[in-house]
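Coordinate-derived values only; no laboratory data. The structure displayed is predicted, hence computed values, not measured ones. Glycine also receives a Cβ, built like all others from the backbone with ideal geometry; neighbour counts cover every protein chain displayed.
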Amino acid sequence: MTQHTVVVGAGIVGVCSALSLATAGQRVTLIDRQGPGEGASFGNASILATWAVVPVQTPGILWRVPKMLLDPLGPLAIRWRYLPKLAPWLLRFLAESTTARVEALSISLGELMKGAVDAFNPLLEAAGAKGMIQRAGKIEVFETEKGFHALKPIMDIERRRGVRIEELDVHELRQLEPGLAPLFVRALFYPDVAHVVDNYRLVQVLAEAVVRHGGAVVKADVRGFEVGPDGPRAVLTDAGSHPCDHVVIAAGAWSKPLAAKLGSAVPLDTERGYHVHLPTPGVLLRHPVHSSERAVAMTPLETGIRLAGTVELGGLDAPPDWRRADILLKSARPWLPGLETAGMTRWMGFRPSMPDSLPVISRSPVHKNVLFAFGHGHVGLTLAARTGKIVADMAAGRDPGIDLRPYRVDRF
Ligand SMILES: Cc1cc2nc3c(=O)[nH]c(=O)nc-3n(C[C@H](O)[C@H](O)[C@H](O)COP(=O)(O)OP(=O)(O)OC[C@H]3O[C@@H](n4cnc5c(N)ncnc54)[C@H](O)[C@@H]3O)c2cc1C
């Protein structure tokens, strides 16, 4: 008999999991309290950031904590009021920043990055949306020599993990991206990086494909589970219950209470990020351009130019600090002369973040019919298709072809 899997959360991770399951012949119900893609997956920088194999917590980050607390507008900021709640997560985050841990974690991130872009191919094919990924590469720009040298240890790890990085001189930068002002002293090109032409539309088309493959997309708030002797047998929502053989928890930054209801305590928190979207920018950008000095990415989407980035440790409840979005625009304005802001929109989203910067992709140690797929932090879009494939393999009892121990839900 066909197995019925309920996937909780229709962000990019849940939708890729649902479509992988549906195309493998499973009956799938995808439940979200909002529409598909309205969580963190709505407003990210839309980059398939395969270079991002270095965790957020790099060696020496401990000494930056006072600045994070004192500068609410810095690239990485901590909200004072949230500090008491954040403290256990923050201590683990800092403990994961030793040179040895960062090297080990980069290997685990690198393993997931392998084939991450290609993993989208079968999903895009199933959705009839093959043109949505562009393999244009990414440009990293530096306004100062200091910024370039600060990134060197990270580049060294990236290179050790096989990331291809080319140094560009000012002339080559101008040829690749003529719309940029001549303000940069250094630039790098990452030829293997791709981007999605519209990250939100991607979630929509994949969710539609789930339905075309016999699945259902339901708008409801998941409140709990009916647990029998063999694990959960129904998912309970504010609009009724859904019997299930398997459950996948892919609820992004909101996964913690759901995992707890299923017997797994996870140190999941959120790194809030912002975007400014410019629908009629009036300037041409050919590649995603990123500045690590300012933690800002600029991505050319089919709907305009998106400026996105920065990290704010402030929990799920505090209102947005729109000054952080305004800083993105302030950074980008001089870089892109003539940038038009008509129709501009601002957004804040919740990256689902584990203290070691690795996602949870794991079978529950408590219930064998529960799978967890959350906590992808800065790289949830990048790793979504790969995660979905692993989830479908685990559900079917197939070998996922990767050692999943580093991503276990009970690793802390
Ligand atoms: C500014 C910014 C820029 C970023 N840039 C990039 C980038 O360029 N590349 C990249 O790879 N990643 C990027 N990210 C990270 C990426 O956006 C996330 O990692 C990813 O979107 C997480 O996807 P998700 O499906 O796990 O979570 P989400 O997209 O947040 O989806 C979770 C879903 O679960 C639903 N849900 C939660 N609880 C319940 C419940 N109880 N009942 C029903 N539904 C529920 C929510 O409504 C939501 O739709 C960026 C993030 C930010 C904030």
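By counting other Cβ atoms within 10 Å of each Cβ, how are 163, 296 ranked from fewest to most?
163, 296
So if we plug the beta-carbon distance of residue 70 and residue 24 into 1/(1 + (r/R0)^6) with R0 = 51 Å, what FRET efficiency do we get, rounded to 0.05?
0.50
Post the alpha-carbon centroid distance, the stretch 27-43 to the stretch 340-406, in whole angstrom.
Cα centroid of the stretch 27-43 versus Cα centroid of the stretch 340-406: 14 Å apart.
Could you work out the helix-only [θ] at 222 nm for the chain, with each DSSP H run of four or more residues adding -39,500 (n - 2.57) and the total divided by the number of residues, to the nearest 500 deg cm²/dmol?
Theoretical 222 nm ellipticity from helices: -9500 deg cm²/dmol.
Just 134, 204, 26 to compare: in a GNM of the chain, with alpha carbon springs under 10 Å, which one fluctuates most?
Highest fluctuation of the listed residues: 134.
Which lysines does residue 114 reach when only Cα atoms under 24 Å apart count, and residues fewer than 8 places away in its own chain are ignored?
Here the lysines satisfying the reach criterion relative to residue 114 are 130, 138, 152, 389.
List the residues whose amide H sits under 5 Å from the amide H of residue 283, counting only those 5 or more places along or on another chain, with H placed 1.01 Å from N in the peptide plane.
340
So how tilted is helix 99-113 from the main axis of the chain? Cα-based, degrees 0 to 90, rounded to 10.
Helix 99-113 sits roughly 70 degrees off the main axis of the chain.
If amide H atoms are built 1.01 Å from N in the plane of the peptide, which residues on other chains or at least 5 residues away come under 5 Å of the amide H of residue 30?
7, 216, 217, 218
Antiparallel DSSP bridges in the chain: what percent, to the nearest 5?
70 percent
Under the rule of at least 5 residues apart or a separate chain, name every residue whose amide H is placed under 5 Å from the amide H of residue 305.
Those qualifying (amide H under 5 Å, at least 5 residues apart or on another chain) are 278.
Taking the highest mean first, how do the peptides 102-110, 301-309, 70-78 order by number of other beta carbon atoms within 10 angstrom per residue?
Put in order of decreasing packing, that is 301-309, 102-110, 70-78.
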